[in-house]
Amino acid sequence: MAEFRITVIPGDGIGPEVTDSACEVLKLVAKTSGHTFTFNEVMAGGIAIDTCQQPLPEETLEAARQSDAVLLGAVGGPKWDGLPGNMRPEAALLGLRKGLGLYANLRLAILFPELKAASPLRPDLVEDGVDILIVRELTGGIYFGRRGLAESAETLEDGTPKGMEAFDIETYSEAEIERILRSGFISAMERRKKLTVVDKANILETSRLWRKVTERVKMDYPEVEVDFMYVDNASMQLLKRPTSFDVIVTSNMFGDILSDEAGMITGSIGMLPSASLGASGKPGMYEPVHGSAPDIAGQGIANPLATILSAAMMLRFSLGLSKEADRLERAVKQTLADGWRTVDLAQGDKKMVLGTEAITKKVMEAYLDE
Ligand code: NAD
């Protein structure tokens, strides 16, 4: 039986409520599997600013580095909105990504058939549910490239001075592309073995390099069916035939936009888990896609399912406990199939609406019932 160290960063707003839920579920997984999970709770975000005047204290980063995996709630809130960028709670997220070398962001967009009424798409398009994994490159591309802002000396064709001029440069190296592609291929091998590389290769040189590297890397994964799609087409196809996608691999900016679009198909931000992974053997970070939801914090009504599903990703990707991960995902599905909802998912019968703690208990019961 193995021992795993999990760093828990509850953060702000509903963060502590949803991480508490996920930890309760993880304790049950430990008890039933015989493995030992040790939880170490540390601070980041607004609470860390209030307590130690910085969004990401060095002890937090060090604790994260020393662990097998990190579970994060959410950071931020109106109280800290006026602070300068590097002192805002969200700076903790960038610091953790950088400090842990997390270059792959995996976002699952799952629409459980039981929740299809919550999707903005026509029911016949999502009849059998949706299950898409978006693998987004997280530390390169245009968000991290050279940038600048200066007064231009030029004019438009009609003589109008251009005024201020800004640029942001997209750069990708073969090595950066290869490692994110491999994350995609490995995920595809564990899923339905279909991988779509989304790019803009008709215009961008970086995209053409992505395609070239893909042609080489795909030789190592002959079972995976690979196709390429321009990002404009991908954004349409996600709405037109969402069930045709399995794994999408793409650059930082395209992944940022497409993962929000795919997330919306599922109808509720409270259902979307994510994983951020670095080199193998290094700790991954797992968090719900939603923020700290200050409007509902402290009311006990936050939907914990995105964080519980993030814990399932942690079991699979960082702790190597795939069987337990599958079982936990089935328990969440069963809870929904039994009709239980949190307030954000509710569409009718108020009797089936539960608070954060109560729906967590239902998931744990479903896990035990297997
Ligand atoms: P949000 O995701 O916090 O909330 C958007 C809406 O969704 C709100 O109405 C909220 O009540 C609802 N919601 C979100 N999660 C829910 C859940 N689990 N259950 C039920 N309802 C839920 O986004 P926002 O309002 O734009 O941001 C609030 C704060 O969170 C801001 O300070 C923002 O910077 C921060 N934020 C943090 C992260 C993160 O920590 N990773 C991500 C996004 C936003």
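Taken over segment 260-271, the criterion of being open to solvent by 10 Å² or more (accessible area, probe 1.4 Å) and closer than 28 Å to residue 60 by Cα is satisfied by 269 alone. Under the condition of being buried (at least 24 other Cβ atoms within 10 Å of the Cβ) and more than 16 Å from the ligand (Cβ to nearest atom), the residues counted in segment 19-28 number 1.
Just the residues that are away from the ligand (no atom under 15 Å from the Cβ) and either touching a residue at least 60 places away in the same chain (Cβ under 8 Å) or within 19 Å of the chain's Cα centre (by Cα) (or both), please, taken from segment 1-18. Lay out the reasoning, then the answer.
Keep residues of segment 1-18 that are away from the ligand (no atom under 15 Å from the Cβ), which gives 1-7.
If the condition is that a residue be away from the ligand (no atom under 15 Å from the Cβ) and either touching a residue at least 60 places away in the same chain (Cβ under 8 Å) or within 19 Å of the chain's Cα centre (by Cα) (or both), then 2, 4, 5, 6, 7 are the ones that fit.
Per-residue answers, yes or no, for (1) at pLDDT below 95; (2) open to solvent by 20 Å² or more (accessible area, probe 1.4 Å); (3) charged (D, E, K, R); (4) within 18 Å of residue 314 (Cβ to Cβ):
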| site | (1), (2), (3), (4) |
| --- | --- |
| 1 | yes, yes, no, yes |
| 13 | no, yes, no, no |
| 17 | no, yes, yes, no |
| 35 | no, yes, no, yes |
| 38 | no, yes, no, yes |
| 46 | no, no, no, no |
| 78 | no, yes, no, no |
| 91 | yes, yes, no, no |
| 104 | no, no, no, yes |
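Tell me, please, whether a residue that is away from the ligand (no atom under 11 Å from the Cβ), of a type in the set (Gly, Ala, Ser), assigned to a loop (DSSP other than H, G, I, E, B) and touching a helix residue (DSSP H, G or I) at 6+ places or on another chain (Cβ under 9 Å) can be found in segment 255-269. Steps first, answer last, please.
Here is the first cut: in segment 255-269, the residues away from the ligand (no atom under 11 Å from the Cβ) are 255-259, 261-262, 264-267.
With of a type in the set (Gly, Ala, Ser) added as a condition, the list becomes 255, 259, 262, 267.
This time we only want the ones that are assigned to a loop (DSSP other than H, G, I, E, B), so: 267.
Still in the running and touching a helix residue (DSSP H, G or I) at 6+ places or on another chain (Cβ under 9 Å): 267.
Within segment 255-269, one or more residues are away from the ligand (no atom under 11 Å from the Cβ), of a type in the set (Gly, Ala, Ser), assigned to a loop (DSSP other than H, G, I, E, B) and touching a helix residue (DSSP H, G or I) at 6+ places or on another chain (Cβ under 9 Å).
Whenever a residue of segment 75-92 is acidic (Asp, Glu), its partners that are within 11 Å of the ligand (Cβ to nearest atom) and open to solvent by 60 Å² or more (accessible area, probe 1.4 Å), lying with C-beta atoms within less than 9 angstrom and at least six residues away or across chains, give the pairs 81/88.
Select the strands (runs of 3 or more DSSP E) contained entirely in segment 159-247, then report the ones holding at least 1 residues which are of a type in the set (Ser, Thr, Tyr).
Numbers: elements: 164-168, 194-199, 225-230.
The qualifying strands (runs of 3 or more DSSP E) are 194-199, 225-230.
Residues in segment 313-354 that are open to solvent by less than 30 Å² (accessible area, probe 1.4 Å), in a helix (DSSP H, G or I) and either in contact with a strand residue (DSSP E or B) (Cβ under 7 Å, 6 or more places away or on another chain) or not assigned by TED's automatic domain parsing to the domain that holds residue 22 (or both): 313, 314.
Quick check on my filter: what residues within segment 270-288 are within 7 Å of the ligand (Cβ to nearest atom) and under 9 Å from the mean Cα position of the chain (by Cα)? Result: 287, 288.
So which of 191, 182 is of a type in the set (Lys, Arg) and modelled with pLDDT under 95?
Numbers: 182 fails: modelled with pLDDT under 95.
On inspection, the qualifying residue turns out to be 191.
Among the residues of segment 63-91, how many are of a type in the set (Gly, Ala, Ser), within 8 Å of the ligand (Cβ to nearest atom) and under 18 Å from residue 8 (Cβ atoms)?
Going residue by residue through segment 63-91, those that are of a type in the set (Gly, Ala, Ser) are 63-64, 67, 69, 73-74, 76-77, 82, 85, 91.
Next, only the ones that are within 8 Å of the ligand (Cβ to nearest atom) stay: 73-74, 76-77.
Among the residues that remain, those that are also under 18 Å from residue 8 (Cβ atoms) are: 73-74, 76.
Residues meeting the conditions: 3.
Between 213, 249, 226, which is closer than 26 Å to residue 116 by Cα, at pLDDT 95 or above, surrounded by 17 or more Cβ atoms within 10 Å (Cβ to Cβ) and not small (Gly, Ala, Ser)? Spell out how you get there, then give the answer.
On the way: 213 fails: closer than 26 Å to residue 116 by Cα; 226 fails: closer than 26 Å to residue 116 by Cα.
Of the residues listed, the single one that is closer than 26 Å to residue 116 by Cα, at pLDDT 95 or above, surrounded by 17 or more Cβ atoms within 10 Å (Cβ to Cβ) and not small (Gly, Ala, Ser) is 249.
If a residue must be among the aliphatic types (A, V, I, L, M) and over 20 Å from residue 223 (Cβ atoms), how many such residues does segment 143-197 contain?
So in segment 143-197, the residues among the aliphatic types (A, V, I, L, M) come out as 149-150, 153, 156, 164, 166, 169, 175, 177, 180-181, 186, 188-189, 195, 197.
With the extra rule that they be over 20 Å from residue 223 (Cβ atoms), the set shrinks to 149-150, 153, 156, 164, 166, 169, 175, 177.
So the count comes out to 9.
The values are calculated or read from the model by the stated rules, or taken from the named source; none is laboratory data. Just so we're clear, the structure is a prediction, and the values are computed from it rather than from any experiment. Because the Cβ atoms are built from the backbone with ideal geometry, glycine has one as well, and the counts that use them run over all protein chains shown. Areas reflect the complete protein model, heavy atoms only, side chains present, ligands, DNA and RNA absent. Shrake-Rupley method; radii C 1.70, N 1.55, O 1.52, S 1.80 Å.
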